[in-house]
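Worksheet: the structure to be examined is printed underneath.
The values are calculated or read from the model by the stated rules, or taken from the named source; none is laboratory data. Predicted model, so just to flag it, every value in this text is computed and none were measured. When we count neighbours, we look across all protein chains shown, and the Cβ atoms used for this are built from the backbone with ideal geometry, even at glycine.
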Amino acid sequence: MANLRIGVIGCGMIGREHIKRLHYRLQGSEVTAVCDVVEEGAKKGAALVNGDVAVYTDIQAIVNDANVDALVVTTPGFAHKEAVLAAIKAGKPVFCEKPLCTTAADCKEIVDAEIASGKHLVQVGFMRRYDRGYRQVKELLDSGDFGSPLVVKCTHRAISVDDAYTTEMAITDTAIHEIDCLPWLIDDEWDKVQCILGKDTSAAHKGLRDPQIMIMTTKKGVTVILEVYVNCKFGYDINCEVVCEDGVVNLPCPSFPTVRKDNKISTAIEQNWILRFIDSYDVELQEWLDDAKKGVVSGPTAWDGYVAELTADALVKAQKAGTIEKVATGGIPAFYKK
């Protein structure tokens, strides 16, 4: 089968990484066009590819390019809606990095447009679902050998964040990964959420509340306790423990050698998210490419993107008000049921 010709919209850091990944590393794809609102940025993206690559600063132009079969959107979140809606209108598969949009209303607009098109075209880049460790945990849970999940305990820790990082971003940029992947992991849906702000670390910049504890319950009654701590200093530390009726499943961490030195036994911890999840990006986009050629979407859908944003909105409201908030999706449309 001929390569899928890809147009990449957004040539920032992630966009450039995906350009190299799609053109050189993965099977069955080639980048034939790039787009960025800043022409210089688009040219930098094009320069990464050997061969003729169309350069655009207009989203509609790259979507309409006859030499583009599918789109990858890596612009800032607030700019996602225009590109994704244009791809749906053109009937072209589109992979959109998370978040689908920055408001639930915009996400719902995409959901409605995709349903109206009658075609499954949109996949959202929630890469946790493609991580080997998370997939191993899901396989164990799906086996039924451990019984029903009862409690999930997670940590999402980072060494530091820049001064632009806000208290809300602990939810919208950090916890959003758990918000999406945990319902998938335990085959459930969110029901209620709350956020507890306690003692702040002295390492947090002025105005940032850190750490935060998020308590979420599912429709099946599972309690999820998530610690978000973005100034922990010691490493990028992702953990997930699922307590079930007949056993406990722990997320395996990436393998580092255990060393004995200076009267100590130690194992290294990953230092940043790029290295921790780099392999999952390859798996994620390869599976999307394979699915796009078949005309199907098996990864996170536009509906998943909408639910994640709706849940994040509820958590932000709970964070600000100190309340327990309901997550009301209205039920999954038949179009997205698998």
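Among the residues of the range 200-239, the ones that are farther than 18 Å from TYR165 by Cα, loosely packed, with under 15 Cβ neighbours inside 10 Å and of a type in the set (D, E, K, R) come to 2 in all.
Of everything listed in (1) buried (at least 24 other Cβ atoms within 10 Å of the Cβ); (2) out of contact with any helix residue (DSSP H, G or I) (no Cβ under 9 Å at 6 or more places or on another chain), the single unmet condition for HIS18 is (2). Looking across the range 23-60, the residues that are more than 15 Å from ILE9 (Cα to Cα) and among the charged types (D, E, K, R) come down to ARG25, ASP52. Give ALA292, ALA328 a once-over and let me know the one that is within 23 Å of THR217 (Cα to Cα) and either aliphatic (A, V, I, L, M) or not in a loop (DSSP other than H, G, I, E, B) (or both). Selected residue: ALA328, the only one of ALA292, ALA328 that is within 23 Å of THR217 (Cα to Cα) and either aliphatic (A, V, I, L, M) or not in a loop (DSSP other than H, G, I, E, B) (or both). Counting the residues of the range 161-194 that are in contact with a helix residue (DSSP H, G or I) (Cβ under 7 Å, 6 or more places away or on another chain) and closer than 16 Å to ASP131 by Cα gives 8. Taking the range 171-202 as the range and being of a type in the set (A, V, I, L, M, F, W, C) and closer than 25 Å to GLN123 by Cα as the test, the residues that pass are ILE171, ALA175, ILE176, ILE179, CYS181, LEU182, TRP184, LEU185, ILE186, TRP190. On inspection, GLY147 qualifies as over 17 Å from ILE238 (Cβ atoms) and in contact (Cβ under 8 Å) with a residue 60 or more places away in the chain. Screening ASP282 against (1) surrounded by fewer than 15 Cβ atoms within 10 Å (Cβ to Cβ); (2) closer than 30 Å to VAL94 by Cβ; (3) touching a strand residue (DSSP E or B) at 6+ places or on another chain (Cβ under 8 Å) leaves a single unmet condition, (3). One residue alone among GLU82, GLU109 is touching a Lys or Arg at 6+ places or on another chain (Cβ under 9 Å) and farther than 25 Å from GLN286 by Cβ, and that residue is GLU109. Filtering the range 258-270 to residues that are surrounded by 11 or more Cβ atoms within 10 Å (Cβ to Cβ) and either in contact with a helix residue (DSSP H, G or I) (Cβ under 9 Å, 6 or more places away or on another chain) or more than 18 Å from CYS154 (Cα to Cα) (or both) leaves VAL259, SER266, ALA268, GLU270. Among the conditions (1) within 19 Å of GLU309 (Cβ to Cβ); (2) in contact with a helix residue (DSSP H, G or I) (Cβ under 8 Å, 6 or more places away or on another chain), VAL68 misses just one, which is (1). Given the conditions (1) closer than 30 Å to GLN27 by Cα; (2) surrounded by 13 or more Cβ atoms within 10 Å (Cβ to Cβ); (3) of a type outside the set (Phe, Trp, Tyr), report the number of the one that SER255 does not fulfil. Against the list (1) closer than 30 Å to GLN27 by Cα; (2) surrounded by 13 or more Cβ atoms within 10 Å (Cβ to Cβ); (3) of a type outside the set (Phe, Trp, Tyr), SER255 comes up short only on (2).
Go through the range 186-239 and give me each residue that's part of a loop (DSSP other than H, G, I, E, B), under 19 Å from LYS326 (Cβ atoms) and either among the polar types (S, T, N, Q) or within 20 Å of the chain's Cα centre (by Cα) (or both). Of everything in the range 186-239, those that are part of a loop (DSSP other than H, G, I, E, B), under 19 Å from LYS326 (Cβ atoms) and either among the polar types (S, T, N, Q) or within 20 Å of the chain's Cα centre (by Cα) (or both) turn out to be ASP188, GLU189. When restricted to residues that are surrounded by fewer than 22 Cβ atoms within 10 Å (Cβ to Cβ) and either among the small types (Gly, Ala, Ser) or not in a loop (DSSP other than H, G, I, E, B) (or both), the range 158-173 contains 6.
Would you check if there is a residue in the range 305-322 being surrounded by fewer than 16 Cβ atoms within 10 Å (Cβ to Cβ), among the small types (Gly, Ala, Ser) and more than 23 Å from ALA87 (Cα to Cα)? Scanning the range 305-322 turns up at least one residue that is surrounded by fewer than 16 Cβ atoms within 10 Å (Cβ to Cβ), among the small types (Gly, Ala, Ser) and more than 23 Å from ALA87 (Cα to Cα).
Of the candidates CYS107, CYS96, the single residue that is at pLDDT 95 or above, out of contact with any Cys (no Cβ under 8 Å at 6 or more places or on another chain) and within 24 Å of GLY12 (Cα to Cα) is CYS96. Kindly list the number of the only condition in (1) closer than 20 Å to LYS220 by Cα; (2) surrounded by fewer than 20 Cβ atoms within 10 Å (Cβ to Cβ); (3) of a type outside the set (Gly, Ala, Ser); (4) within 20 Å of the chain's Cα centre (by Cα) that fails for THR155. Here THR155 clears every test but (1).
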